[in-house]
Structures are given as structure tokens and as C-alpha cells.
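For reference, the structure is listed below as C-alpha cells.
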Amino acid sequence: MARLPVLPRWRRPQPAEAGTPGVTSHSGLIAGRRSRVWRPAKAGSGGKDRSERAGSRRRHRGLGQGAPPAVPTLSSWLRHLYALEKPSDSKSTGLQGSSEPEKAICGPWLTLFRARSPLSPHAARHMVSPTPAAAHVGRGARLRWAGQAEEPACGAAGRGVRPSESVGPGVTRYGAQASPQVKQELSQREDRGPGRSSGSGAPASRPRPKASRAFRFSQPSRRLRKMALSAQQIPRWFNSAKLRSLINAAQLTKCFTRPGRTLLHGFSAQPQISSDNCFLQWGFKTYKTSSLRNSSQSTSSSSQENNSTQSSLLPSMDEQSQKTQKIPSFDSELFLEELDELPPLSPMQPISEEEAIQIIADPPLPPASFTLRDYVDHSETLQKLVLLGVDLSKIEKHTEAANLLLRLDFEKDIKQMLLFLKDVGIEDNQLGAFLTKNHAIFSEDLENLKIRVAYLHSKNFSKADVAQMVRKAPFLLNFSVERLDNRLGFFQKELELSVKKTRDLVVRLPRLLTGSLEPVKENMKVYHLELGFKHNEIQHMITRIPKMLTANKRKLTETFDFVHNVMSIPHHIIVKFPQVFNTRLFKIKERHLFLTYLGRAQYDPAKPNYISLDKLVSIPDEIFCEEIAKASVQDFDKFLKTL
Amino acid sequence: MRSAGLSRLHGLFAVYKPPGLKWKHLRDTVELQLLKGLNAGKPPAPKQRVRFLLGPMEGSEEKELTLTATSVPSLVNHPLVCGPAFTHLKVGMGHRLDTQASGVLVLGVGHGCRLLTDMYDAHLTKDYTVRGLLGKATDDFCEDGRLVEKTTYDHVTREKLDRILAMIQGSHQKALVMYSNLDLKTQEAYEMAVRGLIRPMNKSPMLITGIRCLHFAPPEFLLEVQCMHETQKELRKLVHEIGLELKTTAVCAQVRRTRDGFFTLDSALLRTQWDLRNIQDAIQAAAPQVAAELEKSLGPQLDTKQLPSPGWSWESQGPSSTLGLERGAGH
């Protein structure tokens with residue numbers, strides 16, 4: 001059995017917390033990373049080392065969720081496919097392995113395709129096909145026909161945008177490779193009319209990306225294109241008035257984890273990424289059932305998240321459509337009925353002025369991007385975040401976080417989190433900085449966060465304390481109660497301070513709780529054994545300067561070496577002024593050498609003209625020169641140039 | 001605004017490298033400080049974009065829709081969306097200095113990096129002050145190295161030291177002439193020698209054009225060295241060899257560069273002055289001198305046939321030229 005990769009600690013699942021929904025397993029649909037995820041662990045290297053070494057934060061998807069199962073089974077895959085999200089899970093990344101999938105919705109589809117091909121995960125993908133006509137096209141064999149159906153397919157803003165030309169060159173380009181069956185079908189489709197580029201006349205659709213992208217597709221993605229061609233039929237049906245009424249009448253489910261993505265988009269797949277995912281996304285995308293909406297969203301998001309590590313591409317996101325048209329969801333029966341009845345529309349059909357005006361011909365959003373700049377003007381969420389002060393340029397470096405932000409809705413998801421943070425005590429002007437640092441908080445469950453805050457209150461941290469801690473250490477609330485408890489206990493045991501002093505220490509430097517504990521242990525040993533301080537001296541120094549616990553060991557020893565051996569300052573005076581360990585060594589050196597040159601380097605309190613260490617290090621240059629050294633700043637500069 | 005800051009940031013300037021700082025860290029620190037200064041400038045005005053919005057037409061019936069063009073602000077160029085304006089600056093380094101060595105270090109920014117090559121090709125001399133300590137020998141010729149030998153130094157006097165230094169300078173002068181690949185029998189060579197211009201214009205081992213003792217108080221002594229094509233380790237080795245010549249041993253306590261070509265200690269920027277404003281001023285202050293000196297150094301090299309003009313002075317070389325003349329006179 002392959003070893004599960006170990007997630008970084010702050011992302012591990014929280015089994016102890018009450019009310020956590022079952023976010024235990026991914027389904028196997030992180031397809032693009034499948035090979036990486038389930039590779040057997042290398043001997044000797046713990047999962048954590050490998051993850052740390054390889055920068056696994058990006059690798060490990062599913063923020064806050066468990067590791068994916070070892071082997072993707074069809075059942076898990078299908079469960080994911082048909083999973084309907086529970087309302088409480090709206091925050092998580094949507095890969096819900098919910099145990100009560102609405103299989104019934106896709107039941108007819110499933111049975112339809114089960115009859116055709118054996119149930120294997122690989123073949124199952126092939127089963128996914130938008131139309132019965134195209135079903136046999138998608139089934140089984142790898143189609144060698146490529147064509148650039150994806151681009152012109154189902155994305156044209158208006159009708160007649162890039163009609164048959166999309167198919168023509170595509171066919172000719174890869175025509176040699178097309179199977180005769182495919183060619184026949186293509187010709188059939190061509191006969192049905194141009195305008196295959198799917199006019200979804202609805203304002204939501206977007207024109208496809210340029211044909212040049214086709215050349216980067218790998219072979220399996222040609223299957224996608226093939227199926228995409230067949231899928232072009234479907235969006236056109238929506239143009240008909242009949243379907244429009246259906247859409248309006250249909251229930252808009254709010255159970256989608258990824259709102260804002262309409263059916264009528266001709267979505268670019270993420271063509272540059274791995275073929276398997278492309279395939280998945282396309283196949284899922286073309287389904288119009290609610291479950292498929294879910295699945296397509298989740299798969300596309302998951303696979304995008306997966307592949308974004310490699311290619312750091314963001315999925316296309318047309319959230320403008322969100323405003324104009326909600327995701328229709330309707331029963332598969334309904335869909336099946338309409339599938340056969342409506343004839344395809346032709347771009348040559350005359351349309352009224354009103355309809356013509358309603359065609360939106362904006363330049364297309366890039367289907368995948370490295371930056372959030374391309375989407376910020378079309379996404380209200382992103383705009384509101386920028387106005388809050390969130391630094392998107394930093395968040396876009398973490399692709400999964402960027403993907404998440406693109407999919408979240410400000411009103412529904414983000415607002416609640418912001419209100420919660422305000423309740424905790426973070427001010428409006430601090431929210432931006434907080435969210436920039438801790439963008440992962442959107443994938444945390446609100447209930448869990450409240451539980452953690454309640455825990456901190458129970459430990460007698462006041463509201464202001466908690467606010468300060470959360471502000472200074474933004475990741476604090478991502479830690480589970482158990483973990484926080486462990487860390488507080490560690491500090492209490494290690495430092496052997498009273499409860500109140502430990503609390504003050506942690507409030508002053510909350511990153512002690514979020515950072516690694518190894519340097520703290522090491523520094524304690526350094527102070528005790530190497531530098532020779534007594535335990536009560538260390539406690540005193542730490543309560544004065546908490547930063548000493550996380551200081552660099554090498555710098556500590558160098559500073560102490562200079563202060564104790566060169567400046568000849570004994571331990572008990574260093575203990576009185578622990579801020580020497582917090583200053584740069586060159587500052588101490590320069591000032592000491594200047595005072596020696598002037599003959600004023602006297603650090604013994606018993607003798608006259610005593611200069612205390614805090615005056616040596618903690619005051620600015622001008623005041624130091626004037627009062628301590630009794631020289632001018634120019635003299636100090638000249639002296640520095642002789643060093 | 002932004003381009004104004006950047007436009008003044010092309011050229012050469014000198015910093016004072018303190019001892020204990022790696023030259024790479026220094027270069028990175030300077031680049032970071034410059035970027036900080038540049039990014040602190042005013043952000044650009046928000047961009048506008050045109051959108052065609054659907055709306056009811058005024059004046060006519062309610063049902064008619066029309067498209068109206070409106071200019072809406074766009075967040076595409078907002079600094080929070082696209083990040084800081086400047087993320088990288090080309091900062092080049094002239095002749096390097098060791099970690100333990102200190103002194104004048106020439107850096108180039110932007111187009112000034114090109115001038116660094118010119119400075120290198122000019123093969124100008126550099127000034128060092130070297131502090132030596134008699135009585136010890138270590139493995140890396142530094143004071144804090146592993147001790148190899150301890151000796152007495154009572155017999156060492158100033159005269160002995162000066163004699164040794166003169167001998168060193170004489171031998172290096174011969175090497176200067178040899179490595180400069182000049183045919184001494186020609187008139188051009190004579191004229192160059194008169195002006196003290198004889199020096200190798202391509203690679204050569206370390207050559208000392210001048211060396212003298214500034215201060216002698218055993219066990220300490222202070223030397224001033226003018227040299228070219230040197231490394232600081234070779235200078236420390238020089239101190240060690242001087243000790244051996246004096247029939248004792250010596251280690252080097254401090255190597256400090258006081259002049260690099262035409263950049264001196266006065267124009268070198270201290271650590272507290274490594275920010276955008278000071279560096280821009282330093283570049284502007286040094287620019288005319290840099291241009292003049294480089295033209296002088298490299299001009300005649302381009303045109304080999306033409307004799308150097310008689311009215312041409314070489315004061316920029318300073319002590320090395322006078323020493324060179326003295327050498328010429330001495331021999």
C-alpha cells in the first residue's frame with residue numbers, strides 16, 4: 001500500500017473537533033496528481049521531510065482535509081462526481097466525499113454508460129459523453145482526431161462567431177489522424193450547419209481562446225476536443241426560447257461549491273495541463289445536470305489545483321456571468337427530454353435588435369493565467385478584497401489559494417469570515433494584512449474557528465489579548481485546539497514560568513505558538529550550556545525579550561562572544577540588559593571600538609563614567625555620539641572608515 | 001515620478017565595505033535598499049476601462065435597450081494587484097574585497113555596469129593600508145588563524161624594514177616593465193616611462209607599484225601599498241614574507257583599501273548611507289570624474305598608432321605616478 005503523503009501540520013485534518021463535516025478523503029479525482037500522490041514514499045525520507053523539501057504546501061491540496069486514498073476507485077470517483085455539498089461545508093474546497101451522493105440524479109446516465117463499457121476508472125472517463133450521439137465517440141478507444149474543437153466550441157459570444165472555420169482547419173490539420181468514424185460524424189455535424197461554435201447566445205458565454213493553443217494539447221486531450229465538438233450542440237439548445245423558460249423555471253441550487261460558473265460557458269479546459277484532467281473537465285463540463293455541474297466544478301477545481309503546482313495556471317473564471325445568470329440545475333430527465341427535441345440553431349438565422357444588443361462580445365478572459373490581474377476586473381470578490389487591502393500579488397503566488405478566491409463569493413463566504421474576524425477583534429484596516437498572510441483561513445470552518453477562540457478565552461486570554469495574538473500571528477486560528485493546547489503546555493513546561501507570565505509571553509510574541517518548537521528547545525540549551533546562564537537568569541531575560549527564544553543560534557554565540565570576551569562584560573550585567581542579544585553585532589562592535597578609541601569604554605558600574613549596555617545599543621546614532629561618546633557624528637563616520 | 005528616480009540611477013559609485021561583511025551580501029543589501037526606495041514612490045494613476053452597458057434608452061419606451069459606453073475604473077494596475085513596480089535592479093560590482101578586508105568598493109547600477117568593464121580594462125592601481133603584527137605566523141596569514149610559529153622580533157628596526165620594502169618595490173618595478181610588453185628601445189616607450197604610464201594592460205600577477213612604511217611600533221607596523229591585479233590574500237602573504245625577510249614572522253591584522261582607481265575614501269558611502277537618495281547623489285557627483293578618467297585611460301589604447309599627446313597629464317594616478325617617476329629617477 002502506498003504511504004500517504006504527510007501534510008504540513010497546520011493542514012492536517014481535525015478529527016477531534018466536534019461538528020466537523022466528513023472531510024476525510026478526497027475522491028480520486030485529483031487525477032493530474034495521481035501519479036505524484038500515490039507514489040510509494042522513498043525509503044528513509046519521512047513524508048514530512050519530503051514535503052518540506054519539495055515545498056509541499058503547494059502540492060498538498062485539500063486545505064484542511066485528509067490525504068487522498070491510496071487507489072482511486074470508481075466508487076469514490078463517482079461519489080465525488082455526484083456529491084452534493086452540504087450547506088455547512090460551503091467553506092471547504094468542495095472535494096466532499098459525501099456519503100449520500102445523489103446518485104439518482106445521474107442514475108440514468110450511469111446506467112446508460114454502464115451498459116456500454118466495463119466499469120473501470122479509466123474507462124469510466126470515457127463513458128462520460130455529452131450526447132447519446134457522441135457517446136460512442138467518446139467510448140473506449142482513444143480517438144486520434146484532434147481538431148481544435150475546444151477553442152471554437154461552445155464559447156462564442158455571439159452566434160456565427162467563428163463558424164465552420166473552427167472545424168474545417170481542425171479537421172484538415174489532424175484529419176489524417178482521424179478515424180473514419182469520427183470523420184463521418186464530423187461531416188454529419190458540419191452538415192447540420194455552421195455555427196458549431198456554440199452560440200450560447202446567453203450573455204454568459206465567452207469566446208474560446210485562440211486556436212494556437214491547440215498545438216500544445218497532448219493526445220488524450222484530442223478526445224476532449226472531439227467530445228467538445230459534440231458538446232457544442234448542447235449550448236445551442238439553450239438559446240431557444242423553450243429552454244430559456246426551462247432555465248428560469250429551474251431551481252437554482254445553492255449547493256455548488258464553486259459558484260459563478262455557468263453552464264453556458266464554453267470553458268476552456270485547462271489545455272496546458274495534463275491530459276487526463278483535461279479530459280475529465282471537458283467531459284464533466286458538458287453535462288448539464290446538477291450533479292455534473294458539481295462534479296465538473298469540483299473536478300476542474302481539484303484538477304486545476306493539482307496541476308497548478310506544475311504549471312501554475314489558474315482556471316478561467318468568468319464571474320461576471322455569475323451576476324447575469326445563475327447556474328441552472330435541472331433534472332436529468334428534463335435534460336434528456338430536451339436533448340432530442342430541439343433542433344440546432346444556425347448563425348444565419350435572423351435575430352431581433354434586442355437580442356443582438358444582448359450579445360456580449362467582450363474580449364475573452366484568459367482560460368488560465370499566472371496572475372489575478374486578468375480576472376480582477378471581472379470578479380467582485382477580488383475587487384472587494386483589493387479595496388480591503390489584501391495584497392493579491394502575494395496570494396497569486398499560491399495557486400490553490402488564488403483558485404479558491406476566484407471561486408468564493410464575497411457575500412456568501414468571505415463576508416462571514418470577515419465578520420468573524422471583526423468579532424475576534426481585528427480592526428478594519430488590519431484585515432487586509434491579515435488576509436494577505438493567512439489566505440488559507442477561507443478554507444477553515446467557521447465553527448472550528450469559533451471553538452478555538454472559545455478555547456483561548458477559556459485559558460484566560462482576554463479579548464484584546466486574543467485580538468493581538470491573531471493580528472501578530474495570523475496563522476494562529478488555523479491551529480487546532482489540541483495543537484494550541486500542546487504548545488501552550490510546552491512553553492509552560494520548558495520555561496517553567498508561572499501561568500500568568502507564560503500568558504504574557506505568548507501574547508507578546510504569539511509566533512512562538514505558530515512557529516517551530518525545535519529552535520526554542522535548542523536556544524534554551526545554548527543559553528544554559530554554551531553561554532553559561534543560570535535558569536532564573538534565562539527566565540528573566542526571556543520575559544524581558546521574548547524574541548531571544550527564536551534568535552539565530554550562530555548570531556547569539558557570536559554576540560555573546562564579543563560582549564563577554566572582548567568587551568569583558570560579566571554575566572550578571574548581561575542579564576540586566578538582554579537587549580544586546582536583540583541588536584546587530586556590527587552595531588555593538590562599531591560603537592565599542594569607537595568608545596575604546598576615545599578611551600570611554602567603561603562598562604563597570606562600580607567605576608566612574610560607566611556606560612550601560614542598553615545605552616550602548618538601544619539609542620540612535622546621533623544621541624549616542626552626542627551624549628555617550630561626546631563626539632560628533634562626522635567623527636564617528638571618519639572613525640568607521642578606518643575600521 | 002517613477003522613471004525620474006530610475007533615470008538618475010545609472011552610473012558608478014563607491015561604498016565603504018565594513019570588515020566582516022561578505023561582498024555579495026553588501027551588493028544584495030544595496031539592491032534591496034534601492035528597490036525599497038524606488039517602490040516607495042507614488043503609484044500610478046488608476047487606469048480606466050471602457051465598458052458597454054446595457055440599459056434602457058432615455059426618452060423612448062421602456063422596453064428598448066441600448067448600449068452605452070462608460071468609463072469605469074480598473075484595478076489592473078493597482079499595486080496590490082500587480083505587486084511592487086520594481087522587483088529587480090542591475091547592480092554590478094567592481095574589484096571585490098574579502099570578507100575580512102574593508103574599504104572602498106565600487107558598484108555600478110543600471111548602465112553603469114558597462115563602465116565597470118571599462119574600469120577593469122583601464123587597469124588602474126589601488127591603494128591599501130596593511131597593518132602587520134610581528135612575532136606570529138599563522139596558516140592563513142590572518143591574526144585569527146591557526147598558529148604555526150612564534151618568534152622574537154627585538155632585532156627588527158625601521159631601517160631594516162625600509163630596506164626590505166625598497167627591495168620589494170624594485171623587483172616589482174622590473175616586473176611591471178616586463179609584463180607591460182613594451183619594447184623599451186622605442187621613443188613611445190620612453191615617453192610613457194617618463195610619465196609613469198608603464199603598466200601591464202592585460203592579465204598579470206600581483207604587481208606592487210609602490211610600498212612604504214607609515215608607522216612602525218613593534219610589534220605593530222603599518223604599510224601603504226599601491227598595487228594592481230592583487231587579491232587581499234596576496235597582500236597578507238606579502239606581510240608574511242616581509243616578516244620572513246626580517247628574519248622573524250608576521251601576520252596581517254587589517255587590509256583596508258583606501259583608493260580604487262579614482263574613487264577614494266571621501267566619496268565612499270557608509271552603511272547608514274546605503275539608500276536611494278544618497279546613492280543617486282553619489283552617482284551624480286562621481287559621474288563627470290568617471291567619464292573623464294575612463295576616457296583618458298582607454299582613449300589612447302583604442303588608437304595605438306597615435307602617440308600620447310604631450311599636454312596630457314596623469315594626475316589622477318596620484319601617488320603611483322609620482323612613485324613611478326621616482327622609480328624612473330631612482331634607476
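The values are calculated or read from the model by the stated rules, or taken from the named source; none is laboratory data. Keep in mind that this is a model prediction, so the values were computed, not measured. Here Cβ is always computed from backbone atoms with ideal geometry, including for glycine, and neighbour counts include all displayed protein chains.
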Within the bounds of region B:252-266, is there any residue that is in a helix (DSSP H, G or I), within 19 Å of the chain's Cα centre (by Cα), closer than 24 Å to B:LEU115 by Cβ and free of Cβ contacts under 8 Å to residues at least 40 places away in the same chain? yes
Which condition does B:GLN289 not pass, out of (1) surrounded by fewer than 18 Cβ atoms within 10 Å (Cβ to Cβ); (2) within 14 Å of another protein chain (Cβ to nearest Cβ); (3) of a type in the set (S, T, N, Q), if it passes all the others? (2)
Any hit, region A:336-357, residues being at pLDDT 85 or above and within 14 Å of another protein chain (Cβ to nearest Cβ): no
Looking across region A:617-634 at residues that are within 14 Å of chain B (Cβ to nearest Cβ) and not hydrophobic (A, V, I, L, M, F, W, C), the single one that is farthest from B:ARG259 (Cα to Cα) is A:PRO620
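Looking for whichever is in contact with a Phe, Trp or Tyr (Cβ under 7 Å, 6 or more places away or on another chain) and surrounded by fewer than 17 Cβ atoms within 10 Å (Cβ to Cβ) here; the options are A:LEU517, A:LEU512, A:LEU529. Which one fits?
Values: A:LEU512 fails: surrounded by fewer than 17 Cβ atoms within 10 Å (Cβ to Cβ); A:LEU529 fails: in contact with a Phe, Trp or Tyr (Cβ under 7 Å, 6 or more places away or on another chain).
Going through A:LEU517, A:LEU512, A:LEU529 in turn, the sole match is A:LEU517.
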Which of the numbered conditions does A:ASP637 fail, given that it passes all the others? Conditions: (1) surrounded by 17 or more Cβ atoms within 10 Å (Cβ to Cβ); (2) within 11 Å of chain B (Cβ to nearest Cβ). (1)
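B:TYR190 - would you say it is in contact with a Leu (Cβ under 8 Å, 6 or more places away or on another chain) and either closer than 14 Å to B:PHE221 by Cβ or surrounded by 15 or more Cβ atoms within 10 Å (Cβ to Cβ) (or both)?
Values: in contact with a Leu (Cβ under 8 Å, 6 or more places away or on another chain): yes; either closer than 14 Å to B:PHE221 by Cβ or surrounded by 15 or more Cβ atoms within 10 Å (Cβ to Cβ) (or both): no.
No: the conditions fail for B:TYR190.
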Taking B:ARG114, is it free of Cβ contacts under 8 Å to residues at least 24 places away in the same chain and either within 30 Å of B:LEU214 (Cβ to Cβ) or surrounded by fewer than 17 Cβ atoms within 10 Å (Cβ to Cβ) (or both)? yes
In region A:366-392, what count of residues is obtained for those that are of a type in the set (Gly, Ala, Ser), surrounded by 19 or more Cβ atoms within 10 Å (Cβ to Cβ) and either within 11 Å of chain B (Cβ to nearest Cβ) or under 20 Å from B:GLN48 (Cα atoms) (or both)? 1
May I ask you to list the residues in region B:63-97 that are at the interface with chain A (Cβ under 7 Å from one of its Cβ atoms), touching a helix residue (DSSP H, G or I) at 6+ places or on another chain (Cβ under 7 Å) and assigned to a loop (DSSP other than H, G, I, E, B)? B:LEU75, B:VAL76, B:HIS78, B:GLY83
Residues of region A:548-568 being crowded, with 16+ Cβ neighbours inside 10 Å, within 35 Å of the chain's Cα centre (by Cα) and either at pLDDT 95 or above or basic (Lys, Arg) (or both), which ones? none
B:MET228 vs (1) closer than 15 Å to B:TYR16 by Cβ; (2) of a type in the set (A, V, I, L, M, F, W, C); (3) more than 14 Å from every other protein chain (Cβ to nearest Cβ): all pass except (1)
Would you tally the residues in region B:8-20 being surrounded by 17 or more Cβ atoms within 10 Å (Cβ to Cβ) and within 13 Å of chain A (Cβ to nearest Cβ)? 6
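Scan region B:164-172 and tell me whether some residue there is in contact with a helix residue (DSSP H, G or I) (Cβ under 6 Å, 6 or more places away or on another chain) and at pLDDT below 95. Step through it out loud before you land on a result.
Taking region B:164-172 as the starting set, the residues that turn out to be in contact with a helix residue (DSSP H, G or I) (Cβ under 6 Å, 6 or more places away or on another chain) are B:164.
Narrowing further to those that are at pLDDT below 95: none.
No, that holds for no residue.
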Against the condition of a type outside the set (Asp, Glu) and part of a helix (DSSP H, G or I), how does B:HIS240 come out, does it pass? yes
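Report whether or not B:LEU105 is within 13 Å of chain A (Cβ to nearest Cβ) and at pLDDT 85 or above. Spell out the reasoning first.
Numbers: within 13 Å of chain A (Cβ to nearest Cβ): yes; at pLDDT 85 or above: yes.
So B:LEU105 passes the test.
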Are any of the residues in region B:37-45 within 12 Å of chain A (Cβ to nearest Cβ), without any contact (Cβ under 8 Å) to a residue 60 or more places away in the chain, surrounded by 13 or more Cβ atoms within 10 Å (Cβ to Cβ) and assigned to a loop (DSSP other than H, G, I, E, B)? no
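Okay, residues lined up against (1) buried (at least 20 other Cβ atoms within 10 Å of the Cβ); (2) part of a loop (DSSP other than H, G, I, E, B); (3) of a type in the set (Val, Ile, Thr):
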| position | (1), (2), (3) |
| --- | --- |
| A:LYS450 | no, no, no |
| A:HIS457 | no, no, no |
| A:GLN468 | no, no, no |
| A:LEU477 | yes, no, no |
| A:ARG483 | no, no, no |
| A:LEU488 | yes, no, no |
| A:GLN492 | no, no, no |
| A:LEU497 | no, yes, no |
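Scanning region B:232-278 for residues that are among the polar types (S, T, N, Q) and more than 12 Å from chain A (Cβ to nearest Cβ), which turns out nearest to B:ASP127 (Cα to Cα)? Write out each step before concluding.
Just the residues of region B:232-278 that are among the polar types (S, T, N, Q), to begin with: B:232, B:248-249, B:254, B:258, B:264, B:267, B:272-273, B:278.
With more than 12 Å from chain A (Cβ to nearest Cβ) added as a condition, the list becomes B:232, B:248-249, B:278.
Values: B:GLN232: 12, B:THR248: 26, B:THR249: 24, B:ASN278: 25 Å.
Among residues in region B:232-278 that are among the polar types (S, T, N, Q) and more than 12 Å from chain A (Cβ to nearest Cβ), the one nearest to B:ASP127 (Cα to Cα) is B:GLN232.
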Scan of region A:347-398 for residues that are in a helix (DSSP H, G or I) and either among the aromatic types (Phe, Trp, Tyr) or at positive phi (or both), ordered by number: A:TYR375
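This table checks each residue for (1) surrounded by 14 or more Cβ atoms within 10 Å (Cβ to Cβ); (2) in a helix (DSSP H, G or I); (3) within 11 Å of another protein chain (Cβ to nearest Cβ); (4) modelled with pLDDT under 95.
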{"residue": "A:ARG600", "(1), (2), (3), (4)": "yes, no, no, yes"}
{"residue": "A:ASP604", "(1), (2), (3), (4)": "no, no, no, yes"}
{"residue": "A:PRO608", "(1), (2), (3), (4)": "no, no, no, yes"}
{"residue": "A:ILE611", "(1), (2), (3), (4)": "yes, no, no, yes"}
{"residue": "A:LYS615", "(1), (2), (3), (4)": "yes, yes, no, yes"}
Would you check if there is a residue in region A:530-551 being under 16 Å from A:LYS493 (Cα atoms) and among the basic types (Lys, Arg)? no
